[in-house]
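Working notes for the structure below.
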Amino acid sequence: MAASCVALAALSLCLPLLLLVAWKRWRRGRAARHVAVVVLGDVGRSPRMQYHALSLAKRGFSVTLLGFCNSKPREELLQSDRIQIVGLTELQRLTVGPHILQYGVKVVFQAVHLLWRLMCREPAAYIFLQNPPGLPAIAVCWFVGCLCGSKLVIDWHNYGYSIMGLVHGPSHPLVLLAKWYEKLCGRLSHLNLCVTNAMREDLAGNWGIKAVTVYDKPASFFKETPLDLQHQLFMKLGRTYSVFRARPGPLDPATERSAFTEQDPRSGTVMHLHGRPALLVSSTSWTEDEDFSILLAALEKFEQLILDGESLPSLVCVITGSADLGVCLHKSSSGLDLPMKVVDMFGCCLPVCAVNFPCLHELVKHEENGLVFEDSEELAVQLQMLLSEFPDPAGKLSQFRVNLRESERLRWDESWKQTVLPLLMDT
């Protein structure tokens, strides 16, 4: 009698799932042009997955984009009638119990929640998944694919275990478990994309995973900022930050002037200000694989050169915005991914000084579109060399910008059409 009750209870639990699977498979034929794009992170801070969604929608697919909605995504996504954004609930960190228990609870919650969200949506022909983070998303998306007939496409941005290793150390049990999981579950996908040739070779050689390199490319909206818009931005920033304001001195009341630009009151023409400072920009995600002390130390050395009598311009350094020179301090945790901020800077024809790591040469061409440095000493020397002739249009900094303008760089959507779309048509 007890056995019968157990069997009946098990059947009552399994029957709804079996009926749901059957219904999903019946609808499978209607979902050939539907794709789910999954990122177990903030959608607004996941530009590559946003670009995937936009490219898919442009090719006639309907797209469901699942992720955390902490920051606003691109306006194009919000306006597209082919893209639906589905928010995932982010479990706040527990404050009780050991860390391993807190992490375990978070993983279980994310697995159940993601499974429920995917199963409640229209079945997809493909599930595009960003990795990292892949725990527990790879296993969940593979399981949903098995139930609904969806093909799993993993987009390898980096290795999740290598990022965890920066916090816990490479030999921590959690890191070793994450590496085992990533290696095992990564082989369950139908297609694999990655961001560098170095990662493609590493996936094939160490994990037996065949991947296709899809380089990050700037989207079409990344371009050089016209001088009049720069002026408007500087004037707006000047109301909050004094370094963007014009220096005190004789000034025609009708002339609008910032620290970098001035607008002729009669013609409205905007010009660079004579003797203006150089503007250095760097963006950051404030993660463990970026060491801003390198930049701070280089700026201290640059300032000392000025105090010692070197003929160098004043230098304004900001974390984002239009600029004369970009600095990238990203060091890949795996040594196999590339900094997207440099891709975007190049899209705006902004030369870059970037800290070196193994596969950086796939993006930054030393002495062609920027410079590569090893430490703060070398960065300080590069700043001195690039800015000693500033703003001479014949100087090396200006030549780098010319090289970027003349290079025929593919934009994201054109590159996606050539590399990713054929893979979807062949499977």
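The values are calculated or read from the model by the stated rules, or taken from the named source; none is laboratory data. Since the structure is predicted, the reported quantities are computational estimates derived from the model, not experimental observations. Positions of Cβ are backbone-derived with ideal geometry, glycine not excepted, and every protein chain shown enters the neighbour counts. Side chains included, ligands, DNA and RNA excluded: accessible areas come from the protein's heavy atoms. Shrake-Rupley method; radii C 1.70, N 1.55, O 1.52, S 1.80 Å.
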Extension gain Val167-Met385, at 0.36 nm per residue separation less the Cα-Cα distance, in nm?
-> 74.9 nm
Note down the magnitude of the dipole of segment 294-370 about its Cα centre, charges +1 on Lys and Arg C-beta and -1 on Asp and Glu C-beta and zero elsewhere, to the nearest 20 debye.
-> 220
So what does log10 I(q)/I(0) come out to for segment 316-412 at q = 0.19, 0.22, 0.25 Å⁻¹, using the Debye formula with one equal point on every Cα and no solvent?
-> -0.93, -1.25, -1.55
Sorted by mean Cβ packing within 10 Å, highest first, what order do the peptides 384-394, 273-283, 131-141 take?
-> 131-141, 273-283, 384-394
Inter-site label distance for Glu362 and Gln92 at 7 Å from Cα along Cβ, in nm | 4.0
Distance in Å, no decimals, from the C-alpha centre of segment 167-184 to the one of segment 351-427 is 33
Given backbone amide H placed at 1.01 Å from N, residues whose amide H is under 5 Å from that of Lys151, ignoring those fewer than 5 places away on the same chain, are Tyr126, Ile127
Cα-projected label distance for His113 with Asn403, points at 7 Å along beta-carbon direction, nm = 4.6
Return the distance in nm (one decimal) between the two label points of a simple spin-label model at Glu377 and Asp291, each offset 7 Å from Cα along Cα→Cβ.
-> 1.3
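For Gln418 and Leu101, FRET efficiency with R0 = 51 Å and r from the beta-carbon atoms, rounded to 0.05? Write down the numbers at each step before the final one.
Working: r = 47 Å, r/R0 = 0.92.
The computed FRET efficiency comes out at 0.60.
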In this structure, the FRET efficiency calculated for Lys236 and Asn197 from their beta-carbon separation, with R0 = 35 Å, to the nearest 0.05, is 0.25
Under 5 Å from the placed amide H of Cys353, counting only residues 5+ away or on other chains, we find Gly326, Val327, Cys328, Leu371
Report in % the part of the accessible area of the chain that belongs to carbon and sulfur, leaving out ligands and nucleic acids; probe 1.4 Å.
-> 58
In deg cm²/dmol, rounded to the nearest 500, the helical mean residue ellipticity at 222 nm of the chain, built from -39500 (n - 2.57) for every DSSP H run of length 4 or more, is -13000 deg cm²/dmol
Any idea of the accessible area per residue across the chain, 1.4 Å probe, to the nearest Å²?
-> 50
The chain: translational diffusion in µm²/s, Stokes-Einstein, Kirkwood Rh over Cα pairs, 37 °C, 0.692 mPa s | 135
